[in-house]
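J.: Sharing a structure here in structure tokens format.
What follows is calculated from the coordinates using simple rules that are stated; it is not laboratory data. Given the structure is predicted, the values throughout are model-derived calculations rather than measurements. Quick reminder, even Gly has a Cβ in these numbers, built from the backbone with ideal geometry, and neighbours come from all protein chains shown.
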Amino acid sequence: MTANELVQWGTEIVNAAAAQGITLRLSGGVAIYARCPSIETHKTLQRHNADLDFVAAANGWSRLTEFFTTRGWTKKSDAPTEIKFVKNGVTVEIQSPTQREDFAFDFSTRLDVTPLTLPLADLLLIKLARVNFKEKDMQDAAALLVDHRVTDGGDEAEDINREYLYHIINKDYHLWKTVFENTVTLEKGFDKYLEPEEAQLAWRRTELLQEVLDGKRHSLSWWAGRVLTR
């Protein structure tokens, strides 16, 4: 199934769920493909997507099984914070708003900010917060940064809100260190994925992120985490 077909499926699922009062938002690679037109025109940004990832609001969690099974999906696994369904070789993975991979995040208050997908800042945060920063994460982050402005607040439907990112990342020194180091790695790799002018644009936007991450006052919890790592 092509990326465009996956986006279409994801859009239909989000809209059908909304009609039943269930809030779902796309996340992951398909969400980024849906928000970043540069991926379609840059082979260097294209990667294989076989799954649909969603974040579901807690108040609709108990209704997800019925919603998907009545649409021909077969439940693959069921856990308190993650459910998986399969259909025609496609896996749907649904996570609760409170997630933990390398770091814990709570997207509960972010599900109504933008339609269809998580906000751009959250999509970027998930990528930059990877301890094992893989090439697919770099491709996705590069696409977000070349296609969307980095602003202080602004229109979160179209912009990456760096103030929001600062407030989230500044709470945890280890998260801050991971994200900041990944932005440095990303800057070194832009030329691999983007044309020279585009790479410069993405680099400048990354600098805007670093400006608030390292140029603004750090929280007490940030300093405590730094002291404890010495």
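J.: Please grab the % of Cα pairs in segment 1-72 that end up more than 14 Å from each other.
T.: Of all Cα-Cα distances in segment 1-72, 61 percent exceed 14 Å.
J.: Here's something else I'd like to know. About its Cα centre, what dipole magnitude does segment 95-165 give when the only charges are +1 on Lys and Arg Cβ and -1 on Asp and Glu Cβ, stated in debye to the nearest 20? Show your work: numbers first, answer last.
T.: On the way: 8 positive and 15 negative charges, 63 e Å.
In debye, rounded to 20, segment 95-165 gives about 300.
J.: Hey, another quick one. Report the Cα centroid-to-centroid distance between segment 136-162 and segment 177-230 in angstrom, as an integer.
T.: Comparing the Cα centres of segment 136-162 and segment 177-230, I get a distance of 13 Å.
J.: Taking the Cα centre of the chain as the origin and placing charges on Cβ (Lys, Arg +1; Asp, Glu -1), which of T2, H218, A16 is farthest toward the positive end of the dipole?
T.: Result: H218, furthest along the dipole toward the positive end.
J.: Now a separate question. Once segment 1-43 is represented by equal point scatterers at the alpha-carbon sites, with solvent omitted, what log10 I(q)/I(0) does the Debye formula produce at q = 0.21, 0.22, 0.31 Å⁻¹?
T.: Per q value, in the given order, log10 I(q)/I(0) is -0.67, -0.72, -1.08.
J.: From the phi of every residue in segment 169-184, what ³J(HN,Hα) in whole Hz does the Karplus formula 6.51 cos²θ - 1.76 cosθ + 1.60 yield, where θ is phi - 60° and glycine or proline is x?
T.: Taking θ as phi minus 60°, the curve returns 6, 5, 7, 9, 4, 5, 5, 4, 4, 4, 5, 5, 5, 5, 5, 5 Hz for segment 169-184.
J.: Continuing with the same structure: Let me know the number of lysine pairs in segment 67-147 closer than 13 Å at the Cα, not counting same-chain pairs under 8 apart.
T.: Lysine pair count for segment 67-147: 5.
J.: A further question on this structure: Under a point-charge model restricted to the Cβ atoms of Lys and Arg (+1) and Asp and Glu (-1), what is the dipole moment magnitude of segment 1-146 relative to its Cα centre, in debye to the nearest 20?
T.: Magnitude of the dipole: close to 160 debye.
J.: Determine ³J(HN,Hα), in whole Hz, for all residues of segment 60-73 in sequence, where each value follows from phi through the Karplus function 6.51 cos²θ - 1.76 cosθ + 1.60 and θ = phi - 60°; x replaces Gly and Pro.
T.: x, 4, 5, 9, 5, 4, 5, 4, 7, 5, 5, 9, x, 8
J.: Given the peptides 116-125, 215-224, 7-16, arrange them by the average over their residues of other C-beta atoms within 10 Å, most packed first.
T.: The peptides rank, most packed first, as 116-125, 7-16, 215-224.
J.: Which part of segment 77-106 falls in the paramagnetic zone of K216, meaning amide N under 19 Å from the point 7 Å along Cα-to-beta-carbon?
T.: So the set is 105-106.
J.: Roughly how compact is segment 98-148, stated as its Cα Rg over 2.2 N^0.38 Å to two decimals?
T.: 1.17
J.: Using only Cα atoms, what is the ratio of the radius of gyration of segment 38-127 to 2.2 N^0.38 Å? Can you show the working numbers first?
T.: Working: Rg = 14.5 Å, N = 90, 2.2 N^0.38 = 12.2 Å.
Segment 38-127 yields a ratio of 1.19.
J.: Would you pull out the residues with amide H under 5 Å of V90's amide H, same chain only if 5 or more places away, H placed 1.01 Å from N?
T.: It is none; the list stays empty.
J.: Could you tally the net charge around R100, taking each other residue with its Cβ under 14 Å from the Cβ of R100, Lys/Arg +1 and Asp/Glu -1?
T.: Its environment carries a net charge of -4.
J.: Could you work out how much longer the chain between N88 and T185 gets when fully extended? Use 0.36 nm per residue separation minus the Cα distance between them, nm to one decimal.
T.: 31.2 nm
J.: Can you give the % of DSSP beta bridges in the chain that are antiparallel, to the nearest 5? Don't skip to the end; give the middle numbers.
T.: On the way: 18 of 26 bridges.
Close to 70 percent.
J.: Then there's this: Jot down the radius of gyration and Dmax of the chain, Cα atoms only, both in angstrom.
T.: According to the Cα coordinates of the chain, Rg and Dmax are 17.8, 54 Å.
J.: Okay, moving on. For segment 109-230, just the Cα set please: Rg and Dmax, both in angstrom.
T.: In Å, with Rg to one decimal and Dmax whole: 14.2, 43.
J.: Okay, next question. Arrange the peptides 101-109, 71-79, 35-43 so that the one whose residues have, on average, the most other Cβ atoms within 10 Å appears first. Spell out each step's value before the answer.
T.: Numbers: 101-109: 13.8, 71-79: 12.1, 35-43: 16.4.
Most protected by this proxy first, the peptides run 35-43, 101-109, 71-79.
J.: Something else about it: Given H placed 1.01 Å from N in the peptide plane, which residues other than close sequence neighbours of L116 have an amide H under 5 Å from its amide H?
T.: none
J.: Taking amide hydrogens as modeled 1.01 Å from N in the peptide plane, which residues meet the under 5 Å criterion relative to V150, leaving out close sequence neighbours?
T.: I160
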